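Worksheet: one structure, shown below.
The values are calculated or read from the model by the stated rules, or taken from the named source; none is laboratory data. Just so it is clear, the model here is predicted, and its values are computed rather than measured. Heads up, the Cβs are rebuilt from the backbone with ideal geometry, glycines too, and the neighbour counts pull from every protein chain shown. Heads up: the accessible areas ignore ligands, DNA and RNA and are worked out on the full protein's heavy atoms, side chains in. Shrake-Rupley method; radii C 1.70, N 1.55, O 1.52, S 1.80 Å.
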Amino acid sequence: MKIKRNTLLTLAALAVFYGLLALAENTLNTYWVRILNLCAVYTIFAVTFNLIFGYTGQFSLGHAGFAAIGAYVGALLTLSPAQKQANFFLQPILPFLANVEMPFLPTLIIAGLLAALIGSLVAWPALRLRGDYLAIATLGFSEIIRIFLVNWQPLTNGAMGLKGIPEYTNLYWSWGAAIVTIFIVKRLIDSSYGRAMKAIRDDEVAAEALGVNLFKHKIMAFAVSAFFIGVAGALFSNLISTIDPKVFLFTLTYQIVGITVMGGMGSLTGSAVAASLYTIFLELLRPIESQITIGSLMIPGRPGMRMVIFSLLLLFVILFYRKGLFGQKEFSWDWLIGFLRGKNRKMKTSQTLGSTGAADKENKS
Amino acid sequence: MSQSDLVLEVKDLTIFYGNIKAVKGISFTVREGEIVTLIGANGAGKSSTLRAISGIVPWGGEINYRGKSLRGIPADRIVAMGVAQVPEGRGIFGNLTVLENLKLATWQRKDKAEVSKDFERVFTIFPRLKERISQPGGTLSGGEQQMLAVGRALMSRGSMVLLDEPSMGLAPVLVQEIFRVITEVNAGGTTVLLVEQNANMALRHAHRGYVLETGTISMSGSGPDLLGEPRVKEAYLGG
């Protein structure tokens with residue numbers, strides 16, 4: 001009965017969330033709709049990073065590279081042939097891509113599969129490394145992808161980037177994908193595969209001595225992560241409609257790492273909440289970058305001031321919430337009901353939970 | 001001694017860490033139903049030997065398990081062949097619960113009915129673990145973690161268990177307890193290879209023992225014989 005109740009609650013939460021999305025899509029201006037879309041994309045980024053690092057313990061810094069693969073696949077498969085011709089005026093596009101134009105869903109899936117394929121190929125040699133060395137190798141991979149994007153003009157249009165990508169991404173697509181990602185990752189980490197991944201994170205040698213196939217589980221975490229990063233990348237390019245290689249600098253990876261650490265390594269709820277908070281917060285901080293006058297004191301506008309504030313916030317979180325906002329805790333219906341009945345006052349996460357929206361409710365069940 | 005009851009046969013085993021030869025060609029055997037112990041001081045190569053058998057460090061020489069060479073077999077397959085290991089320092093997964101820790105060991109097993117029986121068995125041997133079943137492994141006391149590590153090895157239903165310093169860091173009363181369990185498990189038909197610094201306890205419970213000194217075997221014999229050996233007494237038992 002208990003499981004049934006939770007399933008019903010989940011379905012109800014999804015329905016309410018769908019209603020909220022519809023409301024947002026129809027009433028908010030395009031600026032805020034875009035921000036909410038970005039929240040979903042960053043949620044996927046953070047959740048997948050959590051799967052690799054928070055649950056499997058593999059410090060991979062290749063996120064920007066995987067996202068770039070997804071974004072370019074998303075762009076190249078949805079651009080109309082006419083737009084492609086307009087984009088590739090220096091060098092013609094590779095002939096086999098010139099007349100391809102696909103609907104959004106297959107595009108997303110292909111973007112994910114390609115990212116997963118390349119992710120596994122990279123992981124094959126890279127996962128022999130551990131800790132910092134793995135981080136350096138994957139960071140290098142991410143940069144290689146970016147250099148490819150800049151230099152392989154017939155495929156990517158080089159540094160000029162791609163323009164006029166159809167804006168297919170709306171709140172249903174983006175949050176739909178985010179919820180599917182959270183759901184699948186949650187199911188994975190609760191399965192026996194997930195248990196093995198957590199064992200690898202805690203103690204690799206002991207896991208191996210117990211008969212856990214290290215390589216298989218690391219590759220699995222990598223491929224699943226890369227798939228959803230690829231999907232998120234495609235959502236991203238079809239959201240902002242213009243991409244160029246500079247979007248996928250390693251700073252993107254660091255943002256994702258920052259979000260995940262802030263939310264809590266090993267908490268999907270934390271990733272979702274922190275991703276949304278981060279995206280919205282950065283927008284709210286925009287005025288800081290323009291000129292501010294306080295009395296006779298004039299502070300000139302400095303682009304990038306937001307990141308200074310963000311860094312300070314991150315420092316604050318690390319100092320006072322060492323395990324991130326949520327640590328390893330997850331939102332669950334049982335917890336919520338217990339909390340409403342006043343049985344569970346020791347969890348400090350209540351205030352943050354209130355402001356998160358239904359997306360995180362997906363985390364339980 | 002017939003050839004068929006040889007469970008483990010190690011011949012001229014060598015292990016290098018970089019240029020350092022940690023194990024310099026040792027040979028020993030473990031027969032069905034035995035408790036065999038390797039004793040020796042720090043750095044004698046005891047743990048390295050166990051790690052070689054479970055496929056975690058590269059090695060030279062020959063290791064045969066039930067007549068089959070273990071060369072080139074990955075660690076997870078060796079566990080599936082029936083060699084369970086309790087790693088030194090326990091290797092408890094601190095963020096996983098006691099139950100999850102135990103479940104991990106059943107990874108390779110397909111006989112679900114037997115698995116639940118084995119859970120009962122482990123909880124009968126270690127009632128303490130049952131009390132702590134949903135607690136993260138990292139919150140257990142040292143002794144409880146050791147019990148969990150031994151329980152976990154039992155769950156993988158190896159026909160042979162490799163134990164690396166099970167008494168390390170435990171209070172004397174818990175050491176007694178752990179050795180009682182080892183004898184009990186052995187009586188149930190499991191072959192045990194035990195690595196220990198606590199030579200006194202190890203030799204008292206083992207059928208046979210080998211003394212390792214800086215990478216070579218210096219003495220071997222039955223447990224009681226070695227206990228009586230003056231050189232062992234002097235070196236490990238405090239005269």
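Annotation: peptides A:112-124, B:115-127, B:163-175, ranked by per-residue average of other Cβ atoms within 10 Å with the highest first, follow the order A:112-124, B:163-175, B:115-127. Between A:LYS4 and B:LEU99, the C-beta separation translates, for a Förster distance of 30 Å, into a calculated FRET efficiency of about 0.80. Considering only Cα atoms, the convex hull volume of segment A:160-214 works out to 133 Å³ per residue. For the protein assembly as shown, the share of DSSP beta bridges that are antiparallel, to the nearest 5, is 60%.
Only aspartates and glutamates eight or more places from A:LYS163 in sequence, or on another chain, were considered; those with a Cα closer than 18 Å are A:GLU101, A:ASP244. Once you keep just the Cα pairs under 8 angstrom separated by 6 or more residues, what percentage relative contact order results for chain A? Result for chain A is 29 percent. Residues in chain A average 46 Å² of solvent-accessible surface per residue, probe 1.4 Å, ligands and nucleic acids excluded. Among the chymotrypsin sites (Phe, Trp or Tyr not before Pro) found in segment A:129-181, those both in a DSSP coil and sparsely packed, with 14 or fewer other Cβ atoms within 10 Å of their Cβ, are A:TRP152. When nucleic acids and ligands are ignored and a 1.4 Å probe is applied, B:GLU32 ends up with an accessible area of around 90 Å². Per-residue ellipticity at 222 nm from helix content only, as computed over chain A with -39500 (n - 2.57) for each DSSP H run of at least four residues, stands at -22000 deg cm²/dmol.
Rounding to the nearest 10 and keeping the result within 0 to 90°, find how far the Cα-based axis of helix B:142-155 lies from the longest principal axis of chain B. Taking Cα atoms only, the helix is inclined about 90 degrees. Excluding same-chain neighbours fewer than eight residues apart, the aspartates and glutamates reachable from B:LYS68 by a Cα-Cα span under 17 Å are B:ASP5, B:GLU9, B:ASP12, B:GLU32, B:ASP76.
Counting Cβ atoms of other protein chains within 10 Å of each residue's Cβ and taking the mean over peptide A:268-279 gives 0.
For segment B:59-132 versus segment A:162-196, the spacing of their alpha-carbon centroids is 35 Å. Per the Debye formula with a single identical scatterer at each Cα and no solvent contribution, what log10 I(q)/I(0) holds for segment A:1-67 at q = 0.18, 0.20, 0.25 Å⁻¹? So the normalised log intensities are -0.87, -0.90, -0.97.
Charge tally around A:GLN83: other residues with Cβ under 11 Å, Lys/Arg +1 each, Asp/Glu -1 each, net +1.
Taking 10 °C and 1.306 mPa s as the conditions, I'd like the Stokes-Einstein D for segment A:19-141 in µm²/s, using the Kirkwood hydrodynamic radius from alpha carbon pairs.
94
The mean sequence separation of alpha-carbon pairs under 8 Å and at least six residues apart, normalised by the residue count of segment B:1-158, gives a relative contact order of 22 percent. Legend: calculated FRET efficiency, B:LYS21 to B:ASN200, from the Cβ-Cβ distance at R0 = 22 Å, rounded to 0.05, equals 0.15.
Of the listed residues B:ARG204, A:ARG322, A:ARG5, B:ARG152, the order by accessible area with a 1.4 Å probe, largest first, is A:ARG322, B:ARG204, A:ARG5, B:ARG152.
Determine, from the Cβ-Cβ distance of B:THR14 and B:SER218 and an R0 of 22 Å, the FRET efficiency 1/(1 + (r/R0)^6), rounded to the nearest 0.05. Working from the Cβ atoms, E equals 0.85. Figure legend: label point modelled 7 angstrom from the Cα of A:LYS246 along Cα→Cβ; residues of segment A:133-176 with amide N under 13 Å from it are A:159-162.
Past the 21 Å Cα-Cα mark, which pairs from A:LYS198/B:LYS103; B:LYS24/B:LYS233; A:LYS218/A:LYS329? Flagged as over cut-off: B:LYS24/B:LYS233; A:LYS218/A:LYS329.
What does the average come to when, for each residue of peptide A:189-202, you count the partner chain Cβ atoms lying within 10 Å of its Cβ?
Other-chain Cβ atoms within 10 Å of each residue's Cβ, averaged: 3.
Each principal axis of the Cα cloud of segment A:213-261 was evaluated for its coordinate range; sorted largest first, these ranges are 42, 22, 17 Å. Cross-linked pairs A:LYS84/A:LYS246; B:LYS11/B:LYS46; A:LYS216/B:LYS110; B:LYS11/B:LYS110: Cα-Cα separations exceed 22 Å for B:LYS11/B:LYS110.
Once you sort the root eigenvalues of the Cα gyration tensor of segment A:128-226 as a ≥ b ≥ c, which label holds: rounded (a/c under 1.5), prolate (a/b larger than b/c) or oblate (the other case)?
Oblate, since a/c reaches 1.5 and b/c is not below a/b.
Shape class of chain A from the alpha-carbon gyration tensor: rounded, with the ratio a/c of largest to smallest axis under 1.5. Look at the stretch B:69-81: the mean tally of other chain Cβ atoms within 10 Å of its residues' Cβ atoms is 3.
Only alpha carbons enter this Debye calculation for segment A:231-328, each as an equal point scatterer, and the log10 of I(q)/I(0) it gives at q = 0.13, 0.21 Å⁻¹ is -0.58, -1.14.
In nanometres, what is the gap between the two model label sites at A:ASP132 and A:LEU20, each 7 Å from Cα along Cα-to-Cβ? Using points 7 Å along Cα→Cβ, the separation is 4.2 nm. Considering only the Cα atoms of segment B:1-77, their convex hull presents on average a projected area of 5.5 nm².
Taking only Cα atoms of segment A:92-132, what ratio of Rg to Rh do you get with Rh as the Kirkwood inverse-distance radius?
1.21
Size descriptors for segment B:12-165, from the alpha-carbon set: Rg then Dmax equal 16.4, 48 Å. Averaging the sequence gap over all C-alpha pairs within less than 8 Å and six or more residues apart, then dividing by the number of residues, gives segment B:22-71 a relative contact order of 27 percent. Once backbone amide H atoms are built at 1.01 Å from N, B:GLY158 has B:ALA84 as its partners under 5 Å, excluding neighbours fewer than 5 places away on the same chain.
Once the convex hull of all Cα atoms in segment B:107-151 is built, its volume per residue stands at 82 Å³.
If one puts a single equal scatterer on every Cα of segment B:129-239 and applies the Debye formula without solvent, what log₁₀ I(q)/I(0) results at q = 0.13, 0.24 Å⁻¹? Values, matching the q order: -0.54, -1.40.
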